[in-house]
Amino acid sequence: MKKVSIITCMMGLLLFVSCGEQSQNSGDGYVIETTVNGIPDGVRAFLKVPNDKGAPQPKDTAIVQNGKFIFTGKVEYPQLGFIYVNGTQSNINVILENAPILIDAHKDSLSAAKISGGKHNEEYLNFIEASKELSKRVQEVRAEYQKAMIAKDTAAVAIAKKKVSAIDKEALQYQEDYVLEHPTSYISVMLVNRMLQNKLTTPKNAKQFFDGLPDDMKKTRIGQELFIKTTELLRTAVGSVATNFTAPNPDGEMISLNDIKGKVTVIDFWAAWCGPCRKENPNLVKIYNKYHEDGLEIIGVSLDGRPNQNNPKEAWINAIKTDGLPWHQVSNLDGGRDAIARTYNVRTIPATFILNEKGEIVAKNLRGDVLEAKIKELLGK
């Protein structure tokens, strides 16, 4: 059920459970003193941080002695850290910040560790404490929905859906209120980043939030992720001017978007190997033939050139001929790595962008009769 995404988004942040007192020591770096009950001496512990793809990578190691181990270091900006212990099934999530941090956990429930120390960890703990009652109700609603689905009880599913929708709105409102009340918090940056990722806020709102952050929060890893995401999404958002691009056509001639734009322009990302793209091509041909003389232009951007594709240029040219595509065609023959596709944030095809006479993106990913209706409207037909 799609609506569960907001609940998942929120629950993804509720990683800590702590009631410890914050240390008043303001050291020059971080000192993470960890006690894990039930771990024998000599076991190795790991401190990891996300790499460029978000996967944990080793940053430091320690050896358990008397059930304890310590990580020390210094970070320029706060960032998420993950503590793993050999022989355990879960991990401890902590915000790395230049402060003394105390952690108390049991080997069978690392994710429920008690954490204290540091401004950002304290904010995280306060966020969780304030959301415990809501989190409990979220879990109850999810359990009720899953039970109804398993029982295939249509009436119960309908009731559960309404409850999920209500708790969904409440959870989103809770996060939005937190962000408004804590506009410079690392926790708020995390929340906005996840809301944007789950399409629960707009790129415009996320950009406004980012612009209001202090420099230290902008320069955090998660702050930079938020900046990159908003920049990418705003570049192709409805209302934005389409970014120009130039690429070779089948004859090697360089074709630019700006050189061929009409009263209405459709940028069509497709490939010879893409079944849904080829299925839609006859409809595009019909629309092009019907409205080209009125000012419609189409430029096809082929994503042929996948590593496992034999002779991608030949496949591309043959597809153009077979499907009878009379409009401009370009391709770097670089598959999913194509620079134009990255510029337009295209992850799957077919993907289309409809531009008005000013070159502004007015609609995206329309097909069939809906695409024709939009083109007809823009042409004033």
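Which GluC sites (Glu not before Pro) in region 284-364 pass both tests, a DSSP loop state and at most 16 other beta-carbon atoms within 10 Å?
Filter output for region 284-364: Glu357.
Note down, for the chain, the three equivalent ellipsoid semi-axes (square root of 5 times each alpha carbon gyration tensor eigenvalue), biggest first, whole angstrom.
After scaling each eigenvalue by five and taking roots: 49, 25, 21 Å.
What number, rounded to the nearest 500 deg cm²/dmol, is the helix-based mean residue ellipticity at 222 nm of the chain, given -39500 (n - 2.57) per DSSP H run of at least four residues and division by all its residues?
That calculation yields -13000 deg cm²/dmol at 222 nm.
So between Asn66 and Asp369, what do we pick up on full extension, going 0.36 nm a residue minus the alpha carbon distance?
102.0 nm is the gain from fully extending Asn66 to Asp369.
Quick check for you: with a 1.4 Å probe and neighbouring chains kept, what is the accessible area per residue of the chain, in Å²?
I get 51 Å² per residue for this part.
Beta carbons within 10 angstrom, averaged per residue: use that to sort the peptides 199-209, 143-153, highest first.
Peptide ranking by packing, descending: 199-209, 143-153.
For the chain, find the longest principal axis of its Cα atoms and tell me its angle to the long axis of helix 186-197, 0 to 90°, nearest 10.
30
Step through the table entries Lys132/Lys204; Lys74/Lys218; Lys219/Lys364; Lys136/Lys163; Lys48/Lys136; Lys321/Lys374, compare each Cα-Cα distance with 21 Å, and write down the pairs that go over it.
Exceeds cut-off: Lys132/Lys204; Lys219/Lys364; Lys48/Lys136; Lys321/Lys374.
For the chain, which whole percent of the accessible surface, found with a 1.4 angstrom probe, sits on carbon and sulfur atoms?
About 50 percent, which is the carbon plus sulfur part of the accessible surface.
For the peptides 180-191, 213-224, what is the packing order when you average, over each peptide's residues, the other Cβ atoms within 10 Å and list the highest mean first?
In decreasing order of mean packing, 180-191, 213-224 become 180-191, 213-224.
Could you pull out which residues in region 167-210 have an amide N less than 11 Å from a spot 7 Å beyond the Cα of Ala55, following the Cα-Cβ vector?
Under 11 Å, as judged by backbone N against the label point of Ala55, lies no residue of region 167-210.
What value in Å³ per residue do you get for the convex hull of the alpha-carbon atoms in region 263-362?
With only Cα atoms used, region 263-362 gives 91 Å³ per residue.
For Lys59, list long-range residues whose amide hydrogen, built 1.01 Å from N in the peptide plane, is under 5 Å from its own amide hydrogen.
Here the answer is Leu47, Lys48, Val49, since their amide H atoms fall under 5 Å of that of Lys59.
Taking the chain as a Gaussian network, Cα atoms linked when under 10 Å apart, which of Asn121, Asn37, Asn311 shows the biggest mean-square fluctuation?
Asn311
Separation between the Asn126 and Glu176 pseudo-spin-labels, each 7 Å from Cα along Cα→Cβ, expressed in nm?
Spacing of the two 7 Å Cα→Cβ label points: 2.3 nm.
The values are calculated or read from the model by the stated rules, or taken from the named source; none is laboratory data. Note that the coordinates shown come from a computational prediction; the quantities given were computed from them, not determined experimentally. Positions of Cβ are generated from backbone atoms using ideal geometry, with glycine treated the same way; all protein chains shown enter the neighbour counts. Just the protein is used for accessible areas: all its heavy atoms, side chains included, with ligands, DNA and RNA removed. Shrake-Rupley method; radii C 1.70, N 1.55, O 1.52, S 1.80 Å.
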